[in-house]
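Could you have a look at this structure, given as structure tokens, before my questions?
Coordinate-derived values only; no laboratory data. From a predicted model like this one, the values you see are computed outputs, not experimental measurements. Virtual Cβ from ideal backbone geometry, glycine too; neighbours counted across all protein chains shown.
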Amino acid sequence: VVSDVTRTADELPTIVAKLQTSGLWTRTDTFYPFSQVLRLRVLQIVCGITIMVMGSVAWIEDRASLTKLGLGVPAGVFTVLAAGASIHTSRGFGGYRPASCHHTSLRFLGPSPGIAVPLTALWLATCGLHAAIIVQAANVLKHSDYNRSHTSFLLAVVETLLSTTTLVAVVWVVRIDCCYDPD
């Protein structure tokens with residue numbers, strides 16, 4: 001004896017497939033994935049704080065020199081400021097505000113020029129500092145003697161990973177903002 005419950009459970013994948021292909025599940029408008037962007041911004045903040053700590057250790061290791069791996073201190077500060085400002089001025093934080101930026105190709109920078117210019121400057125400085133850290137870390141890795149300077153070697157590896165993660169998250173958020181209407 002086959003009950004209706006058993007038969008319905010067996011046919012569930014077919015029913016779900018029919019529902020998904022119907023017009024009920026498809027939309028012409030897409031929603032901005034604020035939760036995903038927020039997770040990426042939090043990742044950037046965590047990486048910024050961590051690279052700030054690693055930069056402080058490198059600063060002490062290099063005898064108060066911000067020229068090598070000590071660049072992690074300003075890079076971390078700029079990362080935390082830029083990610084925090086981006087969260088605060090984003091679409092999902094504080095409700096919807098209509099965009100006053102008329103150039104649709106530049107709308108991913110921010111809802112208005114007054115917001116877009118400082119945020120773009122912060123993110124350009126942040127990305128520049130992280131690129132400089134990657135170059136400095138590669139230089140330290142290339143010229144370091146692992147047995148003699150174990151701390152510098154490990155700091156270079158960690159700062160390279162943190163900077164790369166931050167830059168990948170920046171590219172990912174820009175991609176999301178270009179695919180969806182960020183305002």
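Just add up the charged neighbours of K68: K/R +1, D/E -1, any other residue whose Cβ is under 14 Å from the Cβ of K68.
-1
How large is ³J(HN,Hα), in whole Hz, for each residue of region 37-51 in order, when computed from phi with the Karplus curve 6.51 cos²θ - 1.76 cosθ + 1.60 and θ = phi - 60°, using x for Gly and Pro?
So the Karplus estimates, Gly and Pro as x, are 5, 4, 4, 5, 5, 5, 4, 5, 5, 4, 5, x, 5, 5, 5 Hz.
What do you get for Rg/Rh of region 130-181 when both radii come from the Cα atoms and Rh is the Kirkwood radius? Don't jump to the answer; show the numbers that get you there.
On the way: Rg = 14.9 Å, Rh = 12.2 Å.
With Rh from the inverse mean 1/r over Cα pairs, Rg/Rh is 1.22.
If r is the Cβ-Cβ distance from Y180 to L141 and R0 is 30 Å, what FRET efficiency results, to the nearest 0.05? List each step's numbers first, then the result.
Working: r = 38 Å, r/R0 = 1.27.
Between Y180 and L141 the formula returns 0.20.
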